[in-house]
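Contents: one structure, followed by commentary.
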Ligand SMILES: Nc1ncnc2c1ncn2[C@@H]1O[C@H](COP(=O)(O)OP(=O)(O)OP(=O)(O)O)[C@@H](O)[C@H]1O
């Protein structure tokens, strides 16, 4: 994906959310996007998948312009926005995914097999026949992830994919995106968790003051040195300054 000279304002009178932004996401990269509340993470993801048209500049996915050739460009994208509201509430997980699979030209036995595999991958196999409205927020998030993976698109755009997930499912998410990158795919995902920077392949993006900075992944922090153990038979007491002879009353 390549973003060139992209600017965007919701209204002419307000400060632009983005001003002349350039960055690229090469194949096989995991790219976290950080930024404070209201910085523009969701807006950026909506621009990248073609839901919002920027005022200037371009976004291309595998050489296809997201505004001029949206269908061709979106064929390479798997998207999950936050919060997940686009599923049919009364349909089950499988029925919902079957509908979205058909939009990717996946039907019949192939669709059935891929959907069952994805539900298993995101830990929702036992909820395959549960209606969407009966899922918890974290389960909805995971169904969104399964939908994004349908048809193995090359670039995943995920808005706060770890929000509402428990520790086990955060780990599962990191495994899924690592596998995706090993297969040559890329993932751009927004997050508020600084710890997600460790999952970056090389770079991460930080949105601030209408700009998107592409920054190198920080070096891992060194492990803190272990406290020396007290010698055997001796209690580790508080450190006491040596007293002068006078103070000691001698
Ligand atoms: N539909 C809209 N109309 C007008 N302004 C909007 C609209 N959506 C978002 N904004 C404004 O655009 C800016 C960026 O919002 P956005 O939701 O992209 O931020 P964010 O980084 O995703 O925030 P958060 O971390 O809180 O989810 C904010 O100032 C917000 O008020």
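The values are calculated or read from the model by the stated rules, or taken from the named source; none is laboratory data. What you see is a predicted model; the values in this text were computed from it and never measured. Quick reminder, even Gly has a Cβ in these numbers, built from the backbone with ideal geometry, and neighbours come from all protein chains shown.
Scan segment 115-139 for residues that are out of contact with any helix residue (DSSP H, G or I) (no Cβ under 7 Å at 6 or more places or on another chain) and assigned to a helix (DSSP H, G or I) and jot them down. Write out each step before concluding.
Of the residues in segment 115-139, the ones out of contact with any helix residue (DSSP H, G or I) (no Cβ under 7 Å at 6 or more places or on another chain) are 116-117, 120, 126, 131, 133-134, 136-137.
116, 117, 120, 126, 133, 134, 137, listed by residue number.
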Hey, residue 102 assigned to a helix (DSSP H, G or I), away from the ligand (no atom under 16 Å from the Cβ) and over 30 Å from residue 195 (Cα atoms) or not = yes
Which listed residue is out of contact with any strand residue (DSSP E or B) (no Cβ under 7 Å at 6 or more places or on another chain) and within 26 Å of residue 142 (Cα to Cα), from 77, 97 = 97
remark   = Selection from segment 10-24 of residues surrounded by fewer than 16 Cβ atoms within 10 Å (Cβ to Cβ) and within 27 Å of residue 186 (Cα to Cα) yields 20, 22, 24
inquiry  = Consider segment 193-214. How many of its residues are within 23 Å of residue 18 (Cα to Cα) and in contact with a helix residue (DSSP H, G or I) (Cβ under 9 Å, 6 or more places away or on another chain)?
reply    = 5
remark   = The condition of being at pLDDT 95 or above and assigned to a loop (DSSP other than H, G, I, E, B) holds, among 39, 27, only for 39
request  = Tally the residues that are closer than 21 Å to residue 217 by Cα and within 11 Å of the ligand (Cβ to nearest atom), restricting the search to segment 5-42.
outcome  = 7
ask   = In segment 43-81, how many are within 16 Å of the ligand (Cβ to nearest atom) and either buried (at least 19 other Cβ atoms within 10 Å of the Cβ) or closer than 29 Å to residue 218 by Cα (or both)?
value = 13
